[in-house]
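First comes the structure, then the notes that go with it.
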Amino acid sequence: MLKILANIGKNLISKPYTSNYPFTPYQHFPGVRADVTFDGTKCILCGLCQRSCPAECILIHKEQEQIEYLNTQCIRCGYCVRVCPTNAISQNEVYTKPSRQRLTVYTKVTNENAPVIKKRMAAEAAKKAAAEKPATAGTGPAKPAGEKKVDEKKTSA
Amino acid sequence: MDGLLLLSLTVLVPVLFGIISYLVPGYNLKKYAVILCALVLSVASLLILYNGPQNLTVESINIGMSLPVSTIIIALDFLLLLVFLYFGYKDREYKVLGLAVLQLALLAYLELFVAGGEEAGITFVIDDLSIVMCLIVSLIGSLILLYSIGYMKGDKNVSSFFLIMMVFLGDMNALIFANDLTWLFFFWEGTTLCSFLLIRHYRDEPSIKASDRALWMNLLGGIALVCGIILIEMMYNTRFLSELFTAQATMPGALSFLPAAAIILPFAFMAVGAFTKSALMPFNSWLTGAMVAPTPVSALLHSSTMVNAGVYMLIRIAPLILIFGGGLLSTVITIVGGFSFMFCALLALSQTDSKRILAYSTISYLGLIAMCTGINTWLAITAAVALLVFHAVSKGLLFLCVGEITHIIGSRDIEQMQGLIAKAPLVTVITVIGLISLMAPPFGIFVGKWLAFQSASTFTQIGWSLVAIFFIIFGSIFSVFYYSRWAGKLLATKPAETAPPAHHDWYMEIPLIILAAGIFVSVALTTIFFTQLIDLPDIYGQEPGGLVVGEVLRSAFGGFSPLMFLILFIVILLIPILIIRVPKTSLTPTYSCGTGKEPDIGGGYFETLIGESKLLKYLNPIGILLLAILFLAVLL
Amino acid sequence: MITLDDPIIWKIAFPAVMLILAPIIGGLLIGIDRKLTARLQNRAGPPIVQPFYDVLKLFGKEDKIVNKTYLVFAVAYLLTVVLSTGLLLFHYDLLVITFMFGLSFIFLVLAGYSVRSQFSYVGSNRELLQMLTYEPILLLVVFLDRLVTGSFQIDAIWSFTEPAKTEPLLYTLPLALLALFLILPIQLRKSPYDIAEAHQEIAQGPVTEYTGKFLGLVTIAHFYEVFFVLWFIGLYFVQNWAVRIGLMALAFLFSIVIDNVTARLRVDQMIRQVYIIGLLLIIVNLAYILITGKWIA
Amino acid sequence: MKTTIQFGPQHPVWVEPLRLKLTMDGEIVKDCELEAGFCHRGLEKKFEWDYNKGAYLSERICGICTQHHSTCYCTAVEGTMGLEIPRRAAVIRTIMLELERLHSHLLAIGLTLESIGFENLFMLCFRNREIVLDMFERTTGNRVLHGINIVGGVIRNIGPEMAKELEDFCDIMEKRCLDLKDMILKSYTIRERMQGVGVMSEQLARDLCVVGPVARGSNVPYDIRAVAPYVLYNEIKVKPIVETSGDCWARSVVRVRELFQSIDIIRQCIPLLADAGEDIFAKSKTLPEKEYFTRVEAPRGELFYYAKGKKSKEMDRIKVRTSTYGNGPGFVPLIKGSHLADVGLITITFDPCIGCFDR
């Protein structure tokens, strides 16, 4: 009992351990595993990360040449980082703030070594060469890299 | 008005109507006889109240007829004892047989050897206390009579039931007014007979057993009483209660081996007689056993007649004890009363049968009254009289409510009364009023307890102040415990439960409504009651009227205004009742940890800890020990 | 001109003002309690006015109601607590005040019983057991007060020894005050005797089923209770305001510290401890005043 | 005539859903009925997929003993492949396991204290636990679900700097735990509430086959680390901590004493890091094909994983028997006849993990 009394006395004069969270942000330790970012210049759209992801939060759209990353679904296990053959995926130390909506990050792949892109470029080049017509730039509703967008359709989930 | 007429109205008329209702055929005719009797009785008691105190001598009774009334009474007395003998023989109840024979012998001794001649005296006294008692007996008794018309419909022994009920009321009135001790003894034994017959109304195994137990215990009390009377006649040389105040005490030669202080021995005997009648602690089992009788009988026994006779006797002899210097005797009476108050409340806590709860609570409140008579100051006696009145009203009401509830749900178990307010709102609300009136300020019982607490908090009058306070506190809190649990059970409804169309039996419900109104009226009239109706003997030095300052009761220790608090209480409950509206849309089931299951609610009576089987084992010997101490206190 | 010495100020105006201020003071005290408890636990804790935010928020909430009866009793509970606080402030009979305060608990218990909910039922049972525990001690303390002052009236506390006229109750009844400290956790619903509202066992006890504004009313009643209990303790030194407030603050701090250094006890343990220690304290104190002859018949 | 109380699934004393149907007489529990399965997620079926992902999945069976689950899973799968993990990985796993035992026990002690209404020490326990979580964040990068174990080893190394930090951590932690122990063991009210409450006799413990601190509190010296050593426990000898009285107090004291045991084991492991090779991961050359089972002493007791491969990347069958599953039936005889106030306490001293229980 006396020990507890001494302890609460000590607690009273020491600084509170808790912090005023949203106003004083939490300082993570170095090496924390947080959000995953994709390097569009290195990715070869092989799809290993999609297959290895336990949370199924990575979707590789080969046709559209982009990576869809469901931020709020990711468990930050870092397995994709491990399996990536080109080190295109990196895990940074910044967490995304909690959100009411699903956050989806689209990354446009621009690596010319990617087989899909190579094939398309080759096909385009062939087409260009064949028809000598002006080529259309890009396919589909591609979004710029690294931009976070709210997926309107899934907000109700 | 002529005292004799009033007396015959309250004593003989009920007996007469009883015989009429016994003789007339058909339930309807009986019903009218009963209603008429109730009306006459109520009016007669009110007339007595209006007429005020007066004395009646045996001569005035003899007027017109040269009947030797006293002799007839004595003859009837012997007849009564022979009836007890007969029942004892019939039921093979040897305790009854033995006690009846003993009593017969004592009575014969009293009449043949001790009786101090036929000197004239005041046979009946109508004073303030007996008026109050008469009001209780007649008004509440009449209401119970009315109620039993509804309750006893279809019973096969109904004729004898009404006869005994009415004889009982008449007998009780006579007992209250009796001043001649031999007469008093006859009426005393008369109540024993009536209660005995009423308890065995159903003529089945448990009721015969219970009635036999009631009989032998009351016969024991009768023996104590007759001993007391013999000793009074020997020591004080009078047989009139009113003359005892001025009597000279002399120790007769036959008893000279006793110490000088034994001059109050007769009062100790009378107190023991009172204890048996009021079913205080060692004798409690007859009253709880009497619950096998029909509910109106229980109501009658508990609220207005039988048990009140005991504490009435205690209030009567309290000033005498004070006069003849029985301070120690008073203290022991305090302890016995307080002991019953606390431990019967504790026993009531472990009961589920509503009538047993009420029975134990009756004993406990009678214990409180006895305790007040033991404290024996003017404040305490005032408290005792107040408690007697308020308790009779509340307890009568509750018993009648329980009877009605038994008719509705077919059970007396308070577990079965869960959520009764949805089924029978009127009777439930009245029951809750009755329950609250027994535990919460500012109702009458609280006024009594408040006075008792104050009188117990003085160290000069009784040496055992702390013990007395201790008993009062614990007894009150235990009673709060079981009453509030019961009241809560009555009120517990499921969400959105709707009431089925109620069936009303007005013969049963009108007495309930009148009594419920009586609770509020009696509290509102507390101050008038104190100034007008309680008259203490001069020995106490102060009148209860001295308590009243305007609308406030103010003693030397504190003040309290029943009327103001009653208004506040009603306002406190009425405001929310009127304001709160429950929209149907916000109704929701109770929290059951997400399972959505309706919980079963019940249990928690601590049977293993404080059940009857556990406690009575110890309490009965302690009660008997206390009785022994009572006599020791007188003799040493 | 009404001056500060005028009895009217101290008899009517001051109590009336205090009665209005009582919930605010009580709420602030609870806020301080929460802040201080948090600091004792090395947390930052909520702002001091948090209880008022809570009540305001409760009043804006949707009602979820089981039946009408328990709501009636909730309001009756609040009104009775206010009434007993008023009686205490206006110097009424101490015995009546104690019983009125007990009546408020009876209303709470009836409220708990009349909802037919599992935790309310158990909570009400426990509330009754708590009442069984603390009420005897409280009444015995009142009895001791009466013995020393010669009357149950609060006014008598100011002038109970006619020649000296200034002797505080604290000097004659120190152990009775300790007994009051002993039952303080029960009245303030704090550890180790907060068994009726033990949320780890029975959710919130008798108030489990309250929502919205009725829970707000119960909370306000609790503010009044805190004020009542501390003011009652303040009666032990009425001669000096500084000491009087100091005594109340001491009682308050005592309850907080005890709350923080003890676990909650079981019902049987609570009854045993409070009865043994409390009765012992009271009997010793009674013996003391009897021996020193500082009592009035 | 009796009150029935649905104790849970949403009850303040348990964070997780479990239902006890109590039949009460006043304050005394007369009968008790246990019902679980409110958060059954079908995880054993889900395990029939890529065995590499299984490590992450097994972590999610329970939020408190994630490390034990994943270690047990990984060891089982490695067994089916006949894979030997590098020594350094084994050391790191051991350290992580003991760190986790530390935080799990602190949580259990804290919750026990909270269940008897001792808020202050509850806060203290959780504050101390916060330090362990910080340590986890520093070493693995995550606070709760660490994701450090994979089949074949671990993914994060503990370098010399980190080892130094771990040593400092051990010192701080030991001091804090000593304080905590003093406060708990010497508190009158805690003793009053816990001693003699929920007594599980040695015979009953053996009959019901309870495991972990519950068994050890009842004088059954059953500790997988001693009985069937895994990872590094061959070298680091563990003596089971046993209390004899079998009540809530004994179970809590076992946990308190195991805090010091864990700190001691971490201290023994740190020097081993220096000698171990740099390898923390061994790549498997085969696919799982055999049957294998592993047992691990989780903070709550014995944890059992059975794994069966089918010569493909996907597993054929994983069977998990968690410690709470073994301890669960132990509640019922203890709760019968106890006070309602002790129901929460008794269950919490079993440290029930309903996530484990239901899977």
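The values are calculated or read from the model by the stated rules, or taken from the named source; none is laboratory data. A quick note: this is a predicted structure, and the numbers were derived from the prediction, not measured. Note: ideal-geometry Cβ built from the backbone for every residue, glycine included; neighbour counts use all protein chains shown. All accessible areas refer to the heavy atoms of the entire protein, side chains included, with ligands and DNA or RNA removed. Shrake-Rupley method; radii C 1.70, N 1.55, O 1.52, S 1.80 Å.
Heavy atoms of the protein chains alone define the surface here; on that basis chain C has 32 Å² accessible area per residue at 1.4 Å probe size. With R₀ fixed at 41 Å, the C-beta to C-beta distance from C:Lys68 to C:Leu21 puts the FRET efficiency at about 0.80. Measuring nothing but how far apart in sequence close Cα pairs (under 8 Å, 6+ apart) lie, relative to its length, the stretch D:32-136 scores a relative contact order of 17 percent. The calculated Kirkwood hydrodynamic radius for the protein assembly as shown is 37.0 Å, given to one decimal from all distinct C-alpha pairs.
Consider a paramagnetic label point 7 Å from the Cα of B:Phe606 along Cα→Cβ; state which residues of the stretch B:348-378 have an amide N under 13 Å from it. Answer for this model: B:348-351. Pop out the carbon and sulfur fraction of the accessible area of the stretch A:31-132 as a percent, whole number, probe 1.4 Å. So the carbon and sulfur contribution to the accessible surface is 53 percent. Report the normalised scattering of the stretch B:326-636 as log10 I(q)/I(0) at q = 0.15 Å⁻¹, calculated by the Debye formula with identical scatterers on the alpha carbons. Listed by q, the Debye log ratios stand at -1.23. For the Cα trace of chain D, dividing Rg by the Kirkwood Rh returns an Rg/Rh value of 0.97. Rounded to the nearest 20, the Cβ-based charge dipole of the stretch B:326-636 about its Cα centre (Lys and Arg +1, Asp and Glu -1) stands at 520 debye.
If you take each beta carbon of peptide D:178-186 and count the beta carbons of other chains within 10 angstrom, what is the mean?
Working: counts 0, 5, 2, 1, 5, 8, 2, 1, 4.
If you average over the peptide's residues, the count of other-chain Cβ atoms is 3.
Note the buried accessible area between B and C here, summed over both chains, with a 1.4 Å probe, in Å² to the nearest 100. About 5600 Å² of accessible surface is lost on pairing. Rounded to the nearest 500, the helix-only mean residue ellipticity at 222 nm of the protein assembly as shown stands at -19500 deg cm²/dmol, with each DSSP H run of n ≥ 4 adding -39,500 (n - 2.57).
Modelled spin-label separation between D:Tyr188 and A:Lys97, with each label point placed 7 Å from Cα along the Cα-to-Cβ direction: 5.2 nm. For the set D:Lys2, B:Lys277, solvent exposure ranked by accessible area (probe 1.4 Å, protein chains only) runs largest to smallest as D:Lys2, B:Lys277.
The A and D chains share an interface that buries close to 2400 Å² of accessible area, total over both sides, probe 1.4 Å.
Pull out a ≥ b ≥ c, the square roots of the eigenvalues of the alpha-carbon gyration tensor of the stretch D:140-244, then state rounded if a/c is under 1.5, prolate if not and a/b is larger than b/c, and oblate in the remaining case. Spell out each step's value before the answer.
On the way: a/c = 2.45, a/b = 1.43, b/c = 1.72.
Since a/c reaches 1.5 but b/c is at least a/b, the shape of the stretch D:140-244 is classed as oblate.
Along Cα→Cβ, 7 Å out, is where each label goes; now give me the distance between the ones at B:Lys90 and D:Ala228 in nm to one decimal. So the two model labels end up 8.3 nm from each other.
Neighbours of D:Ile28 by Cβ distance under 12 Å: Lys/Arg scored +1, Asp/Glu scored -1, total -2. Helix C:14-40 against the longest principal axis of chain C: what's the angle in degrees, Cα atoms only, rounded to the nearest 10? Roughly 60 degrees, rounded to the nearest 10. With contacts taken as Cα pairs under 8 Å at a separation of at least 6 residues, chain B carries a relative contact order of 14 percent.
What residues in the stretch D:129-164 lose 30 Å² or more of accessible surface when the other protein chains are added to their chain alone (1.4 Å probe)? Those are D:Asp134, D:Glu137, D:Arg138, D:Gly141, D:Asn142, D:Ile155, D:Arg156, which lose 30 Å² or more relative to the chain on its own. Size descriptors for chain C: radius of gyration and Dmax over Cα atoms are 19.4, 61 Å.
Hey, any idea what % of the stretch B:326-636's accessible area is carbon plus sulfur with a 1.4 Å probe?
68 percent
The angle separating the long axis of helix D:87-115 from the principal Cα axis of greatest extent in chain D is about 10 degrees.
Across B:Tyr22, C:Tyr121, the residue with the most accessible area heads the list, and the full order at a 1.4 Å probe is B:Tyr22, C:Tyr121. Heavy-atom accessible surface of the stretch B:114-219, averaged per residue, reaches 25 Å², computed with a 1.4 Å probe.
What does the extension gain come out to for D:Asp168 and D:Lys237, with contour length at 0.36 nm per residue minus their alpha carbon separation?
22.5 nm
Could you tell me the calculated FRET efficiency between D:Glu84 and D:Arg41, based on Cβ-Cβ distance and R0 = 35 angstrom, to the nearest 0.05? Once the sixth-power term is evaluated, E becomes 0.60. Other residues within the sphere of radius under 11 Å centred on the Cβ of C:Gly45, judged by their own Cβ, net out at +3 (K and R +1, D and E -1). Counting charges near D:Leu287 (Lys, Arg +1; Asp, Glu -1) among other residues having Cβ under 13 Å from its Cβ returns a value of +2.
Residues of the stretch B:429-453 that bury at least 40 Å² of accessible area when the other protein chains are present, relative to the chain alone (probe 1.4 Å, heavy atoms, ligands and nucleic acids excluded): B:Pro441, B:Phe446, B:Trp450, B:Phe453. To the nearest 100 Å², how much accessible surface do chains D and C hide from each other in total, with a 1.4 Å probe? Separately minus together, D and C give about 2400 Å² buried. Is the stretch C:1-87 rounded, prolate or oblate when judged by the Cα gyration tensor, a ≥ b ≥ c being the square roots of its eigenvalues, rounded requiring a/c under 1.5 and prolate requiring a/b larger than b/c? Oblate shape, in that a/c is at least 1.5 and b/c is the bigger or equal ratio.
The shape of the stretch D:223-291 comes out oblate: with a ≥ b ≥ c from the C-alpha gyration tensor, a/c is at least 1.5 while a/b does not beat b/c. A loss of 30 Å² or more of accessible area (1.4 Å probe, protein heavy atoms, ligands and nucleic acids excluded) relative to the isolated chain is seen in these residues of the stretch C:197-221: C:His199, C:Gln200, C:Glu201, C:Glu209. Principal-axis analysis of the Cα atoms of chain B puts helix B:506-524 at an angle of about 80° to the longest axis. Per residue, the accessible area of the stretch B:531-636 comes to 53 Å² when a 1.4 Å probe rolls over the protein heavy atoms. For the pair the stretch B:197-249 / the stretch B:528-564, the C-alpha centres are spaced 33 Å from each other.
Quick check: at a probe of 1.4 Å, how many percent of the accessible area of the stretch B:196-266 sits on carbon and sulfur atoms?
The C+S portion of the solvent-accessible surface of the stretch B:196-266 is 60 percent.
The mean sequence separation of alpha-carbon pairs under 8 Å and at least six residues apart, normalised by the residue count of the stretch B:326-636, gives a relative contact order of 24 percent. Computed extension length for B:Arg203-B:Gln542: 117.0 nm, one decimal, from 0.36 nm per residue of separation with the Cα-Cα distance subtracted.
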